[in-house]
Amino acid sequence: MWLGSIFLVVALGCGEAENSNSSVSTPSATVDIGSTIGTVDGQPIGSKSFAMMASRKRPADNKALSIDERKEVFDDLVIEELLYQKALAKGLDKDPKVKKVMVNALLREEVYGSVKNGDFTDAELKAYFEEHKSDFTVPAKVQLSRILIKVTDARPEAEAEAKAQRLYGQLRSDIGKFSELAKEHSEDPYKRRGGDVGYVPASGKPGLDSAIVEKAFEMKVETLSEPFKTSDGYNIIYVPAKREAQERSFDKLKGSVLRKVKSERIKQMYDQYTGNLKSGAQVSIDEAALQAVEVKTAPRPMMGMPGGMGLGGMTPKTGK
């Protein structure tokens with residue numbers, strides 16, 4: 001069988017995984033494997049895992065599995081059990097990736113899987129919507145394009161300002177040149193897009209100075225700013241369009257409200273569950289050793305809770 005299946009079985013605590021093809025029994029196993037239909041090296045093969053794997057095998061007569069076909073399925077389970085035991089013997093259950101799968105499986109069983117969509121009434125969802133209506137309002141946004149001329153050691157402030165003023169003069173004569181001039185002269189990440197930053201809410205955008213956003217919201221549509229200085233350098237911005245804030249009805253957003261409420265419920269249960277685990281654990285830390293570990297920043301750090309519970313209201317797949 002497949003090593004991926006072995007990892008899944010390991011992840012489910014040396015027991016029969018609800019979604020796997022394996023049956024494993026150890027002294028610590030608590031999963032119901034059904035009736036024992038055979039053993040391998042003293043480990044029972046359960047009827048539940050057999051039935052699950054057998055359901056995926058098409059009978060030769062298209063009616064029912066023969067005894068020989070059933071033995072083939074049983075043999076697959078035997079091989080998988082032997083591979084699993086070999087993986088345990090090699091310590092593969094200590095692999096960080098396997099540990100992560102085990103954590104995810106535990107949380108799905110103990111926390112996430114216990115929260116169902118049907119747990120929340122329409123009245124509860126509507127009350128939450130009314131109390132948090134601003135969370136479901138599409139904020140006002142401004143579309144802006146930007147040209148940035150940086151102040152550097154090689155280009156002092158006076159020189160940067162003079163260049164920005166020259167570009168501003170060209171744009172006042174022909175605003176249609178904005179994209180062309182931005183691609184040629186701008187020194188920010190949006191130069192390849194002709195300076196187009198896109199639509200930005202008042203709360204801002206990562207990597208964009210808040211003074212840029214504030215200035216854009218103050219401007220009228222289809223107007224050009226004079227060069228102004230921020231911490232990055234001298235900026236010229238153009239505002240092609242604006243969008244007003246939009247309030248939407250509960251009926252249109254019921255699904256979003258449900259996901260939000262469900263996410264918060266799961267977060268509360270996660271905090272309580274992990275808090276209880278930690279309160280009963282003995283934890284020690286060597287701060288010197290901790291500080292000495294070399295850490296390379298990941299390009300996209302993982303955020304949120306283990307098991308698929310991330311930030312921004314994302315929840316794992318649970319029952320409906």
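The values are calculated or read from the model by the stated rules, or taken from the named source; none is laboratory data. Everything quoted here is computed from the prediction, not taken from an experiment. Positions of Cβ are generated from backbone atoms using ideal geometry, with glycine treated the same way; all protein chains shown enter the neighbour counts. Keep in mind that these areas ignore ligands, DNA and RNA; they rest on the heavy atoms of the full protein, side chains included. Shrake-Rupley method; radii C 1.70, N 1.55, O 1.52, S 1.80 Å.
Counting only protein heavy atoms and using a 1.4 Å probe, what share of the accessible area of segment 68-211 belongs to carbon plus sulfur, as a whole percent? Mind showing how you got there, number by number?
Values: 4160 of 8300 Å².
About 50 percent, which is the carbon plus sulfur part of the accessible surface.
When peptides 69-79, 284-294 are sorted by average Cβ neighbour count within 10 Å, with the highest value leading, the order is 69-79, 284-294.
What is the Rg over Rh value, at two decimals, for segment 114-240, using alpha-carbon atoms and the Kirkwood definition of Rh? Mind dumping the intermediate values first?
On the way: Rg = 20.2 Å, Rh = 16.6 Å.
Rounded to two decimals, Rg/Rh equals 1.22.
Its Cα gyration tensor gives segment 59-115 an equivalent ellipsoid, and the semi-axes of that ellipsoid, as √(5λ) in whole Å with the largest first, are 32, 20, 7.
Whole number please: convex hull volume per residue, Cα atoms of segment 150-198, in Å³. Mind dumping the intermediate values first?
Details: hull volume 3.6 nm³, N = 49.
Dividing the Cα hull volume of segment 150-198 by its residue count gives 74 Å³.
Under the Kirkwood approximation applied to all pairs of distinct alpha-carbon atoms, what is the hydrodynamic radius of segment 228-275 in Å? Spell out each step's value before the answer.
Working: mean 1/r = 0.0646 Å⁻¹.
Over segment 228-275, the inverse of the mean reciprocal pair distance is 15.5 Å.
Taking Ser47, Ser225, Ser134 and ordering them by how much accessible surface each has at a 1.4 Å probe, largest first, produces Ser134, Ser47, Ser225. Convex hull volume per residue, computed on the Cα atoms of segment 161-307, equals 207 Å³. Sorting Thr223, Thr121, Thr230 on solvent-accessible area from highest to lowest, probe radius 1.4 Å, gives Thr121, Thr223, Thr230.
Rolling a 1.4 Å probe over the protein heavy atoms gives segment 132-234 an accessible area of 56 Å² per residue. The slack between Ser203 and Thr230, meaning 0.36 nm per residue of separation minus the straight C-alpha distance, is 8.0 nm. Take segment 236-302 with all the other protein chains still there, run a 1.4 Å probe, and you get 82 Å² of accessible area per residue. Ranked by the mean number of other Cβ atoms within 10 Å of their residues, highest first, the peptides 142-149, 248-255, 259-266 fall in the order 142-149, 259-266, 248-255.
How many percent of the alpha carbon pairs in segment 79-169 exceed a separation of 22 Å?
Values: 2901 of 4095 pairs.
In whole percent, the long-distance tail amounts to 71.
Gain in length, Asp95 to Thr121, computed as 0.36 nm per residue apart minus the alpha-carbon separation, to one decimal in nm? Each step should come with its number before you reach the end.
Working: separation 26, 0.36 × 26 = 9.36 nm, distance 4.23 nm.
Full extension of this stretch gives 5.1 nm more.
Along segment 136-152 the Karplus relation, 6.51 cos²θ - 1.76 cosθ + 1.60 evaluated at θ = phi - 60°, assigns HN-Hα couplings of 10, 8, 6, x, 5, 9, 10, 8, 9, 10, 9, 10, 10, 10, 7, 9, 9 Hz to successive residues, with x for each Gly and Pro.
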